[in-house]
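The values are calculated or read from the model by the stated rules, or taken from the named source; none is laboratory data. Keep in mind that this is a model prediction, so the values were computed, not measured. Heads up, the Cβs are rebuilt from the backbone with ideal geometry, glycines too, and the neighbour counts pull from every protein chain shown. Accessible surface is based on the protein model in full, side chains and every heavy atom, while ligands, DNA and RNA are left aside. Shrake-Rupley method; radii C 1.70, N 1.55, O 1.52, S 1.80 Å.
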Amino acid sequence: MAAKEFIVAIELGSSKVTGVAGRKNADGSISILAVAKEDSSSFIRKGTVYKVTQTVKCISDIVAKLKAKLKQDIAQVYVGIGGQSIHSVNNNIVETFYESTSVTSQMVNRMMDRNRSAVYPDQSIINSVPQEYLVNNSLELDPEGILCQKLEGNFLNILCRDKFYTTFHSCFKEAKVPIAETYLSPLALADSILTDNEKNSGCVLVDLGAGTTTVAVYYKNILRHLAVIPLGGNNITKDIASLKISEDKAEEMKLKYGNAFTDEKEIDEKLSYPIDLERDVKSTEFIRIVEGRLQEIIENVRYQIPNEYIDKLLGGIILTGGGSNMKNIEKAFRNFMDIDKKTSISKKNSADNDTSIYKVRVADFVTQKIVSKDSDINAHDGTMNTVLGILAKADMNCAGSEVPEQQDIFDGNVTPVKPAEETPQQQDTPRQELKPGVVPPPVEPKKEEETPEKNNKQSVGSSFKKLKKFLNGLIKEED
């Protein structure tokens, strides 16, 4: 029997594209109705699309597979956007008044609009997070009603390169898959795995993906910094492949022997790992390769934490994504983060011989209650957290009409159901009123309307060209 109500979420990752259909229940849980996955390593690089044709086909295949399982058409989908070009920048907007003035919501909205109009070459603001407002030399989260002569708004603008931004949306458009809403993937992920206490007391979310590592810093329940490092698990695999082995074999060895942190006392210099029937690699060399690249990734994570929050991360470091499954990953972060000496302790005072007092935990699953029979969902290995986070934020029915049983859903003739006319993508919604983490669709350039005056000019120009051509012909005949 076809499902009448469900939500569909799609995530475009560096190693795979994942589609999940689920139904939200009255008790707050989410029942997973269908899951579809496709390998994306050949056309999505560092979390961004670089081969459009293959991406369009993949999106179509994902939707077709979900339709087949649901026995229902899909009217629209929720998607998440991430990737290497996404990063945050701070922007300050200042307004001064001739005399003490009470701050109004209109003033705050005006500052938001001014911030949204900031121009960044070849980049678009895809989301903006208000920080504190500076009022009378005091930081306020809500400045409305306060008397002041100077109001300073601090904003964290999240940018994406225009090329990646428009290509991402055009792929869904070409695949004829309507988008209900686009979410910023790192924020959807954070809302599903971080606790309110962690966000409030200060924490760093680290999503260890295949092609990228995403870093999000929170303090007082506000996103303070966001960056995507173009390094991930694939880099470790490629380094292992430098031993003159295939990447498939390198990935296999990484999963089997990879260790994020090995204590010097545990290193066996006589131990070797087999590559094939004729070759092997010393464990010391393998450890050097794996830990060397992982240390580089961790040091880059440390570099992305703004100095003003280094000693305020009482919520600790939260790891997720496929890379968080590596053995001793928590120890690696504690030992390689090189945290400020003021907030570190000596090994002899540490219960587990780690040098940092920061808590490190692995978030292998979302905080929502998920009901599923799918093995990938139930693996709880961090790889499905982002798409489940997108699913959890979605709130509109994605079900279209029921697919007739005699119809082959893979025949390519299924016409997607158009979304309702009042979907968020089609509404003329002011930017500041967008829900937190929602990315507005690209603004398509308006087609210039043809006026009678313009038509007359085109007509005159066309006639002049014809006359010129005719006269040139006469001249050639006389010659």
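Here are the numbers for this structure:
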read-out: Cα→Cβ-extended label distance, 7 Å offset, between T104 and K69, nm; value: 5.3 nm
read-out: Those trypsin sites (Lys or Arg not before Pro) in segment 225-274 that DSSP places in a loop and that have at most 12 other beta carbons within 10 Å; value: K244, K270
read-out: Amide H within-cut-off set for G400, under 5 Å, with H built and near neighbours excluded; value: D73, I74, A75
read-out: Residue-by-residue Karplus 3J(HN,Hα) for segment 146-157, coefficients 6.51, -1.76, 1.60, Hz, glycine and proline x; value: 8, 7, 6, 10, 9, 10, 10, x, 10, 10, 9, 8
read-out: Protein accessible area in segment 228-300, 1.4 Å probe - carbon and sulfur %; value: 46 percent
read-out: Segment 271-343 - Rg (one decimal) and Dmax (whole number), Cα, Å; value: 16.0, 54
read-out: Listed pairs K238/K312; K199/K359; K4/K24 exceeding 24 Å between Cα atoms; value: K238/K312
read-out: Among the listed pairs K282/K331; K249/K369; K51/K393; K173/K249, those beyond 27 Å (Cα-Cα); value: K249/K369; K51/K393; K173/K249
read-out: Other-chain or far-sequence residues with amide H under 5 Å of D280's (modelled H); value: I275
read-out: Over 17 Å [Cα-Cα, segment 125-245], rounded percent; value: 70 percent
read-out: Extension reserve of the N197-K4 stretch, reckoned as 0.36 nm per residue once the Cα distance is removed; value: 65.8 nm
